[in-house]
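Contents: one structure, followed by commentary.
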Amino acid sequence: MTYLRILWIYFRLGFLNELEYRINFFVQILQSALSLLVALGGLAVVFNQTDTLGGWQPDELLALVGIYLLMGGIINMVINPSMQRFMEDVRKGTLDFVLTKPEDAQLLVSVRQIQLWKAVDIGLGLALILIALARIGQRVSPTQALLFALALLCGGAIVYSFWLLLATLSFWFVKVENILVIFRSMYQAGRWPVTIYPQWLQVTLTFIVPVAFAVTVPAEGLIGRLTWADLLQAVAAGILLLVLSRLFWRVGLRAYSGASA
Amino acid sequence: MRRIFEVYGALFKVSTAVQLQYRASMVIWLISTVLQPVVYLVVWSNVAESRGGSAGGFTTTDFAAYFIVLMIVDHLTFDWHMWEYDYRIREGLLSPLLLRPLHPIHADIADNIAYKLLSLLVMVPAAVALTFLFRPALDPPLWALLAALPAVLLAAAVRFLTSWAVAMAAFWTTRIDAINNIYFVTELFFSGRLAPLALLPAPLPFIATLLPFRWALAFPVELVMGRLTPRETIMGLLAQLIWVGLSLVLLRLVWRAGVRRYAAFGA
């Protein structure tokens, strides 16, 4: 309950902060429109030449793009800005201000900075998913919806833990932002289903950088291609990474010596 | 003339020394340089397979060749200063550069070349690895390979000058990221990065010939692929020269107006 309250407080703070910069909202709309253009334009060019890509129909890929935007929106709204700020705090020694607060530091660090306008991407993603579902025309069964929701939740947890693991490295290394650049460029590969990539790249995008769990697996859930066994794998990976990143965070925190020490 | 060589020699040494400090960043940036062409390579190979081996006159191995060559040309021609200018102007870092008895663009050119030469050490192995993984088919005529040399140099010039001109927008606005994104999205579609331009639907390939992006990237790639006639090659080189001229003029105008504005900021 406290967790939700803290989350809510930071959301409100982020909201109030961003209201000062309303122009940003329009800039964000422009940016989102551009990323939509890239995604849809890419699909249009590809499906101008073929009817199916690696067994995926155009409308199914539309759903995938929706999930790609949705997940990207969540990352860019909460996870990335918070972790960036956290790494900066470690470098400057100002993390002290977080550690002295009487709440769990990992939680505070994870939701502290919210870029509200990125929610435009989330809305856009949801809209695309709905449009894609309407065009596919098949009714989504409750099981399918459940599979999708679970897969999406696991994807989010995996991405978050992965980000936290990398950010925690900043307790030992001064500049790890560059590693996050790798994730960002690799995330772009998620605009297409990872199943079309050759084996070595699929493995990389699944286990080294978890793009597959973040986008492809939920999309498979939505269009009814995901088996319970696949889902089980995602759930296991999600729980494992959450625990692992928590443990790593605690080890890292011990290495932190503050600004003046 | 001798003086400018001396100046470049010195700038070059500085840039190399600075960049050797960031070896890890170099490898990381290269991952993104390699990944994008690989993604489109795979997507288009899949398209070719779904259509029985070839799409739009490209077979799977043609696509492999196209995107591997594209990756190399992209690396040789790219420029990143548009991401830095906003910072330079906001933090006043431009002031010491303006005090030098040399246009700041020269330091950036030296920087650009130094980076590319150094990172070739990582780029070449990457290209070799991709060649083994995707088995491209490449058999260009000798004249095309020779013509590709000036084409790549001119492409680098077009790209550097246009992107430097776009970077100047930072004198007027702090929303430089939005402007950069518009530039890059346009570039994605019209430079041949997303797909060989011949595969785009009807009016787009024609529009691409009117914009600078094809001449800054796709043209040398098409040349190395052996897909251009000698006549098309000469026209292309001319188009590149025209774009170099146009962007030089634009750059001069924007730079002058921009610096005047910058001075007003600092006063």
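Out of B:Val34, B:Val47, one residue alone is more than 26 Å from B:Met168 (Cβ to Cβ) and either touching a Cys at 6+ places or on another chain (Cβ under 6 Å) or without any contact (Cβ under 8 Å) to a residue 40 or more places away in the chain (or both). It is B:Val47. Can you find a residue that is of a type in the set (Gly, Ala, Ser), farther than 30 Å from A:Tyr21 by Cβ, more than 14 Å from chain B (Cβ to nearest Cβ) and crowded, with 20+ Cβ neighbours inside 10 Å anywhere in the range A:138-153? Scanning the range A:138-153 turns up at least one residue that is of a type in the set (Gly, Ala, Ser), farther than 30 Å from A:Tyr21 by Cβ, more than 14 Å from chain B (Cβ to nearest Cβ) and crowded, with 20+ Cβ neighbours inside 10 Å.
Picking from residues in the range B:226-247 that are touching a helix residue (DSSP H, G or I) at 6+ places or on another chain (Cβ under 6 Å) and of a type outside the set (Val, Ile, Thr), the one that is most open to solvent (accessible area, probe 1.4 Å) is B:Trp243. Scanning the range A:185-196 for residues that are without any contact (Cβ under 8 Å) to a residue 40 or more places away in the chain and either open to solvent by 40 Å² or more (accessible area, probe 1.4 Å) or away from chain B (no Cβ under 12 Å) (or both) yields one hit, A:Gln188. For A:Phe86, state whether it is open to solvent by less than 20 Å² (accessible area, probe 1.4 Å) and farther than 19 Å from A:Arg191 by Cα. Criteria met by A:Phe86.
Scanning the range B:201-217 for residues that are aliphatic (A, V, I, L, M) and within 14 Å of another protein chain (Cβ to nearest Cβ), we see that the one that is farthest from the chain's Cα centre (by Cα) is B:Ala202. Of the residues screened, A:Asp59 is one that is of a type in the set (Asp, Glu), open to solvent by 20 Å² or more (accessible area, probe 1.4 Å) and in contact (Cβ under 8 Å) with a residue 12 or more places away in the chain. All conditions but one from (1) within 14 Å of chain B (Cβ to nearest Cβ); (2) touching a residue at least 40 places away in the same chain (Cβ under 8 Å) apply to A:Ala119; the one that does not is (1).
Yes/no matrix, rows are residues, columns are (1) within 11 Å of chain B (Cβ to nearest Cβ); (2) assigned to a helix (DSSP H, G or I); (3) in contact with a strand residue (DSSP E or B) (Cβ under 9 Å, 6 or more places away or on another chain); (4) more than 29 Å from B:Gly192 (Cβ to Cβ):
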| residue | (1), (2), (3), (4) |
| --- | --- |
| A:Arg12 | no, yes, no, yes |
| A:Leu36 | yes, yes, no, no |
| A:Ala44 | yes, yes, no, no |
| A:Gln49 | yes, no, yes, no |
| A:Leu64 | no, yes, yes, no |
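So, of the residues in the range B:149-186 that are closer than 29 Å to A:Gln49 by Cβ, more than 11 Å from chain A (Cβ to nearest Cβ) and open to solvent by 10 Å² or more (accessible area, probe 1.4 Å), which turns out to be farthest from the chain's Cα centre (by Cα)? Top of the filtered list is B:Val152.
Taken as a whole, the structure leaves B:Leu211 outside the set of residues that are of a type outside the set (Gly, Ala, Ser), open to solvent by less than 90 Å² (accessible area, probe 1.4 Å), at pLDDT 95 or above and closer than 30 Å to B:Gly56 by Cα. For the range B:252-262, the set of residues classified as aliphatic (A, V, I, L, M), surrounded by fewer than 17 Cβ atoms within 10 Å (Cβ to Cβ) and in contact (Cβ under 8 Å) with a residue 40 or more places away in the chain consists of B:Ala257, B:Val259, listed by residue number.
In the set (1) more than 20 Å from the chain's Cα centre (by Cα); (2) open to solvent by 70 Å² or more (accessible area, probe 1.4 Å), B:Pro140 fails one condition alone, (2). Among the residues of the range A:237-256, those that are aliphatic (A, V, I, L, M) and open to solvent by 60 Å² or more (accessible area, probe 1.4 Å) comprise A:Ile239, A:Leu240, A:Leu242, A:Val243, A:Leu244, A:Leu247, A:Val251. Of all residues in the range A:197-225, those being buried (at least 20 other Cβ atoms within 10 Å of the Cβ) and at the interface with another protein chain (Cβ under 8 Å from one of its Cβ atoms) number 1.
What pairs come out if I take residues in the range A:211-230 that are closer than 14 Å to A:Gly156 by Cβ and pair them with residues that are among the acidic types (Asp, Glu) whose C-beta lies under 7 Å away, six or more apart or interchain? As it stands, the answer is A:Val217/A:Asp230, since those pairs meet every condition given.
Scanning the range A:75-116 for residues that are within 24 Å of A:Gln31 (Cβ to Cβ), touching a residue at least 40 places away in the same chain (Cβ under 8 Å), part of a helix (DSSP H, G or I) and among the aliphatic types (A, V, I, L, M) gives A:Ile75, A:Met77, A:Ile79, A:Met83, A:Met87, A:Val111, A:Leu116. For the condition aliphatic (A, V, I, L, M), over 20 Å from A:Leu242 (Cβ atoms), in contact with a helix residue (DSSP H, G or I) (Cβ under 7 Å, 6 or more places away or on another chain) and touching a residue at least 40 places away in the same chain (Cβ under 8 Å), A:Leu150 does not qualify. If only residues of the range B:190-200 that are surrounded by 21 or more Cβ atoms within 10 Å (Cβ to Cβ) and more than 14 Å from the chain's Cα centre (by Cα) are counted, the one that is farthest from B:Leu253 (Cα to Cα) is B:Leu199.
A count restricted to the range A:157-184 and to residues that are open to solvent by 20 Å² or more (accessible area, probe 1.4 Å) and facing chain B (nearest Cβ under 10 Å) stands at 8. Residues in the range B:41-58 that are hydroxyl-bearing (Ser, Thr, Tyr) and touching a helix residue (DSSP H, G or I) at 6+ places or on another chain (Cβ under 6 Å): B:Ser45, B:Ser54.
Considering B:Pro220, B:Pro196, the condition of being away from chain A (no Cβ under 11 Å) and not acidic (Asp, Glu) is satisfied by B:Pro220 alone. Among the residues of the range A:14-34, those identified as under 23 Å from B:Thr173 (Cβ atoms) and either of a type in the set (Lys, Arg) or more than 14 Å from chain B (Cβ to nearest Cβ) (or both) are A:Asn17, A:Glu18, A:Leu19, A:Glu20, A:Arg22.
The values are calculated or read from the model by the stated rules, or taken from the named source; none is laboratory data. Everything numeric here is computed off the predicted structure, so don't read it as measured data. For neighbour counting, all protein chains shown are included, and Cβ atoms are generated from backbone atoms with ideal geometry for every residue, glycine included. In case anyone asks, the SASA skips ligands and DNA or RNA and just uses the protein heavy atoms, side chains included. Shrake-Rupley method; radii C 1.70, N 1.55, O 1.52, S 1.80 Å.
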